[in-house]
Every structure is written in structure tokens, then in C-alpha cells.
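Readers should treat all values here as calculations from the given coordinates under stated rules, not as data from a laboratory. Keep in mind that this is a model prediction, so the values were computed, not measured. As a convention, Cβ positions derive from the backbone with ideal geometry for all residues, glycine included, and neighbour counts pool all protein chains shown.
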Amino acid sequence: MATLPRIARACSLALVPGAIALAACAPKKAPPTSGPPLVLVSPVQRRDVALYIEAVASLDGYVNADIRARVKGYLKSQTYKDGSPVKNGQRLFTIEPADYAAAVSVARANVTRAKVAQAHNKVQLERDQGLLETGMLSQQDLDNAAANLADADGQLQAAQAQLDQAALNLSYTQVTSPIDGVAGLALVRVGNLVGQDGPTLLTTVSQLDPIRVNFPMSESDYIRYRDRLGHMEKRDLAWARKQFAKLETGEVTDQDDPGVELVLADGSVYAHRGVIVTANRQIDSSTGTIQIQALLPNSDGALRPGAYGQVRIKRRDAGKDALVVPEKALISVQGTYSVGVVGPDGKVQLRRVEVGASARGMRVIVSGVAEGDQVVVDGVQKISDGAVVDAKPAPPAAGQSRD
């Protein structure tokens, strides 16, 4: 009876390799099929879109006046608050005036001495003229007296010039603003020696209303819209303010121009439109652009010099009845563009397209698709030419952007 368990164990061990072999030879189950990839499509539309000339712009003050120390001395006081508005003629700094006041006193004394010498020589000449007529004085003595008077006249002029210069230097110790504007941070503090090695820059005052906007324009756009850029010599500050008033009421300028818009660094559009006032004398051959200046109203001082933004100038007669697709539908390869068009049978056809300008998330299509074609706008990375997809309509927010 004891041999029976051993026999049973042997039989069970013998069966194990067979079970492993049977498991290895058993057919594997096929993975479940996932079906065609899901994509979102949107129809090619034909509609009017607002197209713009767009460029990166930098802001600058209408006038930037560097305030410099024109005489040497210790800075005695600063009489404005850093970054505050100042008026034309307002005192900003005082340089220690004692030395210059003393120089004025010395120069004034020299003028007095020169006047006395002039008066004495004038009387002497008149006396000598009388003596010459009586024969008591030679012509040589009279000539000497006339020369002495002429020298006295010259000495008086020189003394007066020195007095004027001394008074001018004394006036330079009172540093004032030449314009209305906003004064920047003081670059030199009270107690420092200024003007030792040349005119020391103390601060800068900028006139901020209006503010200048500098940006490049392509040569082709400059030629295309040269009627909007004509007669620049008449576009002064008074002209610009007149156009500002018209633009604020929703009108166009005297040149039938809707004005210049400025998109700020945070993506918001500045509330006021401006006008172009200046074009550079030449086109930059290295970039194919010309530098343009525009003015924008800035009565609240919200815009500051040194800021960057993007200017937009609406194109005339452009974007009317145009074919457009969302930017996200475009497939870019080495400078060429394609879109995935889904047919009624769910098959994808990659079509090369010629693109035009961008318009707020949409791109104008010049050729390659027709109105109503269903293009893939979400899931572009899943498609290939001839592939079958499960196409669903994209929500309006995903498929298009309204102007």
C-alpha cells in the first residue's frame, strides 16, 4: 500500500511537462480591434474677415529731454519727486551756486572799472581835441588819446561778456525742465559732484501725450498703401490731435484711414487708435522694411517709453468673401502647407494648399480646397493620406474664430 502514493506522485510529475507543452501550443487570443481614429472636422467657410498689417512696435516719448548738469559743482538739492509729472520751467535740481555767484560779483566789478576807464579816456580825448586846435598838442598825442578810448571800449565789451557768461553759469545751477512731461528717476543724488568730466546726465523728462510708436512696414505694403502715407509734411501734432478726435467717435481720418491699433503685452487692445505721422527716408535693404512712426493719445499716461506691443493696421479691400480654415488645421512641412480633407466615405485626402494672411486664429486659403470641404481641425497628428477616420463635427469654438 505504501507504493501507491509514490506511483501517484510520479504520474503527476509526468503530467506537468505535458501541461506546459499544451499551454505553449494553445492558440493566442487576438487583441480587440480599436476602430478608426476619432477626429474633429470643420467645413471650409467663405466669409469676410478683417485682415491687418501687423508688426512688433516699440514705444517712445513724443519728446525725450535729457536733463544734464552744465556746470561743475556739488548737487545741493532735488526739488521734484522721482517719476512725477513736471511743468515747463519747473526747477528739478540745484547745484551749489556760491562759486558762480562770486564770479558774477567779480565780473560786475570789472564792468564797473571798464566803464570808468572808458569815461576817463573819452574826456581825455575831448580835451586833447581842444588842445590840438590851439596848437598846444601834437597830432601824435591826439591819436594816442583816441587809441586809449578805443581800447577802453574793447575792455568794457570784454568785461560785459564775462559778466554775461558768469550770470549764465549761475543760472545753470538752477536745473529746470524744458517741457511738460514726466521726469524719470534721478541718476545722481544730492551731495555728489556733477559736471566734472562733462555734462552729467541727471534725469530724463518725457512728454507722454501723445506717445510715439515705432514699427517696421514691409516694402510691398508701403507701396500698396502709399496713398495712406502721403503728405507726411502736414502731419504735425495739431493734425494728429484733430484725427484723434475723429477716431474717438468711430470715424475715419481725413485720409479715409481707420487708424492704428496697438495690442499690448498682455494681449489686450489699447482703447485708443492712433495715426501714422512719419516714414523713414529709406528702406532697409537687409530687412526689406521701412521704419514708420505713429502717434497715439495717452492722456492718462498708461503707455510708457520702452514698452513693446504689436500694431495692427486694417487692410483695405482685403479679406472679402475669402475661403478660411482654422490655423490648427494646417500641416506645415518645409515651408509648404497641407490640410486633411475627409470625404463622405471617411477617407482622408491630404491636399496641398496655398495660404494667405492670418486673421485671429483663421487662415485665408488661396487655393487647394473648396467651400464646404470638411478639414480635420483636431487630431491632425492621427491622420495620413488615404487613412479612414471617424469624423465628428467640431464645436464652433474649436473649429472657427469670429472676428
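Which net charge results for the neighbourhood of Val324, defined as the other residues with beta-carbon distances under 9 angstrom from its beta-carbon, given Lys and Arg at +1 and Asp and Glu at -1?
+3
What's the percent breakdown of Cα-Cα distances in the range 97-172 across 5 Å bins, shortest bin first?
3, 18, 18, 14, 13, 9, 8, 6, 4, 3, 1, 0
Just grab the label-to-label distance for Val63 and Tyr308, each label 7 Å out from Cα along the Cβ direction, in nm (one decimal).
Here the modelled spin labels are 3.0 nm apart.
How much of the DSSP bridge set in the chain is antiparallel, in percent, rounded to the nearest 5?
95
At what distance in nm do the modelled label points of Ala102 and Val123 sit from each other, each positioned 7 Å from its Cα along Cα→Cβ?
Output for this residue pair reads 3.4 nm.
With 18 Å as the cut-off, how large is the P(r) tail for the range 159-206, expressed as percent of Cα-Cα pairs?
45
Tell me, how many Å apart are the Cα centres for the range 91-109 and for the range 244-290?
49
Multiply the residue gap between Val190 and Arg352 by 0.36 nm, knock off their C-alpha separation, and tell me the result in nm, one decimal place.
That works out to 51.4 nm of additional length.
Multiply the residue separation of Ser77 and Ile223 by 0.36 nm, subtract the distance between their alpha-carbon atoms, and state the gained length in nm to one decimal.
47.2 nm
May I ask you to list the trypsin sites (Lys or Arg not before Pro) in the range 255-326 that are in a DSSP loop and have at most 11 other Cβ atoms within 10 Å of their Cβ?
Of the trypsin sites (Lys or Arg not before Pro), the ones in loops of the range 255-326 whose Cβ has at most 11 other Cβ atoms within 10 Å are Lys320.
If you take the charge dipole of the chain about its Cα centre, with +1 on Lys and Arg Cβ and -1 on Asp and Glu Cβ, which of Ser332, Gly309, Leu132 is farthest toward its positive end?
Of the candidates, Ser332 comes out farthest on the positive side.
If I take the Cα coordinates of the range 189-306 and project them onto the principal axes, what are the three extents in Å, biggest first?
Result, largest extent first: 56, 38, 32 Å.
Grab the DSSP H runs of the chain that are 4 residues or longer, score each as -39,500 (n - 2.57), total them, divide by all residues and round the 222 nm result to the nearest 500 deg cm²/dmol.
-10000 deg cm²/dmol
Only Lys, Arg, Asp and Glu count, each charged at its Cβ (+1, +1, -1, -1), so figure out the dipole size of the range 156-260 about its Cα centre, rounded to 20 debye.
For the range 156-260, the charge dipole is close to 160 debye.
How high is the relative contact order of the range 97-172, given as a whole-number percent (alpha carbon pairs under 8 Å, six or more residues apart)?
Computed value for the range 97-172: 53 percent relative contact order.
With everything on Cα atoms, drop me the angle between helix 98-134 and the longest principal axis of the chain, reported from 0 to 90° to the nearest 10.
The helix 98-134 is inclined about 30 degrees to the chain.
Which three extents, in whole angstrom, do the alpha-carbon atoms of the chain cover along their principal axes, largest first?
For the chain, the Cα spread along each principal axis is 176, 75, 38 Å.
What number comes out for the charge environment of Val353, summing +1 per Lys or Arg and -1 per Asp or Glu over other residues with Cβ under 11 Å away?
Local charge sum for Val353: +1.
Just to confirm a number: summing +1 for Lys and Arg and -1 for Asp and Glu over residues other than Met136 whose beta-carbon lies under 14 angstrom from that of Met136, what do you get?
My count for the surroundings of Met136 gives -2.
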